[in-house]
Every structure is written in C-alpha cells, then in structure tokens.
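What follows is a set of notes on a single structure, which appears directly below.
The values are calculated or read from the model by the stated rules, or taken from the named source; none is laboratory data. What you are looking at is a predicted structure, and each value in this text was computed from that prediction instead of being measured. FYI the Cβ positions are ideal-geometry reconstructions off the backbone, even for glycines, and counts take in every protein chain you see. Only protein heavy atoms, including side chains, enter the accessible area calculation; ligands, DNA and RNA are left aside. Shrake-Rupley method; radii C 1.70, N 1.55, O 1.52, S 1.80 Å.
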Amino acid sequence: QVQLVESGGGLVQPGGSLRLSCAASGSFFRIESMGWYRQAPGKQRELVAEITRGGGTNYADSVKGRYTISRDNAKNTVYLQMDSLKPEDTAVYYCNVLVLRSITRTKYTSWGQGTQVTVSS
C-alpha cells in the first residue's frame, strides 16, 4: 500500500506563488504517472496537471503558462509550482498517483488527503 503526504498549501495574495509537494512511500514496485487535481466548493474535482514517469506533461487549459509540474523519481515525489495565482485557483488540491504493485504487477490509483490553497487579498 502507498502512503501520500502532501505539503505546501496555504494563503497567498493574487499574483503570488506556491509550491506543492507530494511524497509517496510504502510497499510498491514503482510509481507510474503522478498528478494534481483540485476541487473548489460546489464544483467537481478536475485535473490540473499530470506527469508520466518519463517526464511527459499535460495541463488544464486554465493553468497553462502559470503552473509547472515536475517529479523526482528517486524520491517518489511530485511537485506543482504555481505562479501568477488567481482567486479562481482557490481549491483543495489533491495528489494522485498510479502505482505498480510489486508482486502482481497490477496497477491502482491512490489519492492524497488534500491541501488547501486560498488565493485572496
């Protein structure tokens, strides 16, 4: 089973920056894709950005040019650098990983507990 620990959320003024981190630990063979989702009050959870093990990335249109996703495979950690933040970026941000099991080599998805990002003056 994988454990995900998120950090880096908080309160920031419009135009500011935050960096989120999500570290995976536990018993698994490998972490495949990693990503970030967010959910604002009254809205559905949506994909923000994702990154493959090889470094391929995909971003939501609303964050392109402002957010950067990266990962450190040796540390099983994914990062989300958020710049030029806007009030509409306010949400709970969730880490999501695709895990490859050690013995069966089957895959499953795991979610972090979420971290609050609030953009307000």
Notebook entry, point to check: Just for segment 7-24: of the residues that are in contact with a Ser or Thr (Cβ under 7 Å, 6 or more places away or on another chain) and surrounded by fewer than 16 Cβ atoms within 10 Å (Cβ to Cβ), which one is modelled with the lowest pLDDT?
Noted result: S7
Check: When segment 23-42 is examined, which residues are found to be basic (K, R) and either outside any strand (DSSP E or B) or closer than 14 Å to C95 by Cβ (or both)?
Finding: R38
Next item on the list: Could you grab me the full set of residues in segment 51-85 that are open to solvent by less than 80 Å² (accessible area, probe 1.4 Å) and in contact (Cβ under 8 Å) with a residue 40 or more places away in the chain?
Entry: N73, N76, T77, V78, Y79, L80, Q81, M82, D83, S84, L85
Next item on the list: Look through segment 88-114, keep the residues that are surrounded by fewer than 20 Cβ atoms within 10 Å (Cβ to Cβ) and among the hydroxyl-bearing types (S, T, Y), and return whichever of them is farthest from L11 (Cα to Cα).
Entry: T104
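Quick one: count up the residues across segment 1-22 that are part of a strand (DSSP E or B) and out of contact with any Cys (no Cβ under 9 Å at 6 or more places or on another chain). Walk me through it before giving the result.
First, pick out the residues of segment 1-22 that are part of a strand (DSSP E or B): 2-7, 10-12, 18-22.
In the following step, the residues that additionally are out of contact with any Cys (no Cβ under 9 Å at 6 or more places or on another chain) were identified as 2-3, 10-12, 18-19.
Residues flagged as part of a strand (DSSP E or B) and out of contact with any Cys (no Cβ under 9 Å at 6 or more places or on another chain) within segment 1-22 amount to 7.
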